[in-house]
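Here is the structure we will look at, set down as structure tokens.
The values are calculated or read from the model by the stated rules, or taken from the named source; none is laboratory data. Quick caveat, the model's predicted, so the values are computed rather than measured. Every residue, glycine as well, gets a Cβ built from its backbone with ideal geometry; the counts of neighbours run over all protein chains shown. Side chains are part of the model used for accessible areas, which takes the heavy atoms of the whole protein and leaves out ligands, DNA and RNA. Shrake-Rupley method; radii C 1.70, N 1.55, O 1.52, S 1.80 Å.
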Amino acid sequence: MSRQVRHPEKVRNVPSPAKRKPAWIRVKAPLSEGYQRTLEIVQNNRLHTVCQEAACPNVGECWARGHATFMILGDTCTRGCSFCNVTTGRPDEVDPFEPSRVANAVAKLGLKHVVVTSVDRDDLPDGGADQFVRTIRAIRRRSEITSIEILTPDFLRCPPESLESVVSAGPDVFNHNLETVPGLYPEVRPGARYFVSLRLLQRVKEIDPSIFTKSGIMVGLGEDHKAVLQVMDDLRAANVDFLTIGQYLQPTPQHIAVDRFVSPEEFEDLTSLALGKGFLMVSASPLTRSSYHADDDFRRLQQARRIQTGG
């Protein structure tokens, strides 16, 4: 198996000292007993998590509560997005026993809500859809009380049946992140297509309107305010229920640099604007990530829908 890192020539310069992390973005080191227990369960089941692979700043807090976001289809991505810390290269063969190990870890952790994501697998004819289906079914068999949230790739160039099979497996929340505004795709997300991702989210609702849909973007990459508002409008046009907005953090000097740190007050303004556009829920803060507090957010989503429908 061969692996490679991002191409340095595509990366902006490392930020100056003036752009170093402000106080509101700092987090505690992961040293708790809960963190150690979660780590042991992940390691014993030979699983990957986006918490580790993507260097999530919230890993200490989430793992202390026994919450991990499982990353299926291996730890090597076929794309090289300039913001992402996951290894790029040629992936291993799909592991047929991975779904059952994820289900076992979910049961061991006693999760009432689980998030399952994956690397991009452009080498597979279905983009990895079947592994999502098998993982959802394995969790359902092992833990009937657990609600399931999936964070999928875009299934670019896959047949329509790929997405349809995943939706038909019945996840409770279907998440696919736009990541950034369309004008920054060539630099930030070169292997993806903005309108393909939008259409994917729209198609999920067409197949099964009962599934909550979710998407997220990062700010601090050089986007302008109008472009962020346009993304909100595009997502609402696709009937997306839940929007997350978080601060981009540069994982290593080889990744695209932070353009600016967005203040907590600006995140509050973005929350108000997004709610005004009709999202059922919005999570926007410097440390917001797709699966951050996903269990609490799912309950809030259910409540918001009941209020909206009068049920």
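Which one is nearest to Leu221 (Cα to Cα) among residues in region 261-281 that are part of a loop (DSSP other than H, G, I, E, B) and among the aromatic types (Phe, Trp, Tyr)?
Checking each candidate, the answer is Phe261.
Determine, yes or no, whether Thr213 is part of a strand (DSSP E or B), closer than 26 Å to Leu156 by Cβ and in contact with a Gly (Cβ under 6 Å, 6 or more places away or on another chain).
The answer is no for Thr213.
Yes or no: Val196 in contact with a helix residue (DSSP H, G or I) (Cβ under 7 Å, 6 or more places away or on another chain), at pLDDT 95 or above and not in a loop (DSSP other than H, G, I, E, B)?
For Val196, the condition - in contact with a helix residue (DSSP H, G or I) (Cβ under 7 Å, 6 or more places away or on another chain), at pLDDT 95 or above and not in a loop (DSSP other than H, G, I, E, B) - is not met.
If I go through region 218-260 residue by residue, how many of them are part of a loop (DSSP other than H, G, I, E, B), under 16 Å from Gly278 (Cβ atoms) and open to solvent by less than 30 Å² (accessible area, probe 1.4 Å)?
3
May I ask you to list pairs of residues, at least six apart or on different chains, whose Cβ atoms are under 6 Å apart, with the first in region 185-212 being within 23 Å of Asp297 (Cα to Cα) and the second being of a type in the set (Gly, Ala, Ser) and in a loop (DSSP other than H, G, I, E, B)?
Short answer, once both residue conditions are applied: Leu198/Ala238; Leu201/Ala238; Gln202/Ala238.
Would you point out which residue out of Ser168, Ser100, Ser118, Ser162 is modelled with pLDDT of 95 or more, of a type outside the set (Val, Ile, Thr), farther than 22 Å from Val42 by Cα and open to solvent by 10 Å² or more (accessible area, probe 1.4 Å)?
Testing whether each residue is modelled with pLDDT of 95 or more, of a type outside the set (Val, Ile, Thr), farther than 22 Å from Val42 by Cα and open to solvent by 10 Å² or more (accessible area, probe 1.4 Å) leaves just Ser168.
So which residues in region 139-151 are open to solvent by 10 Å² or more (accessible area, probe 1.4 Å) and either at pLDDT 95 or above or touching a helix residue (DSSP H, G or I) at 6+ places or on another chain (Cβ under 9 Å) (or both)?
Within region 139-151, Arg140, Arg141, Arg142, Ser143, Ser147, Leu151 meet the criteria.
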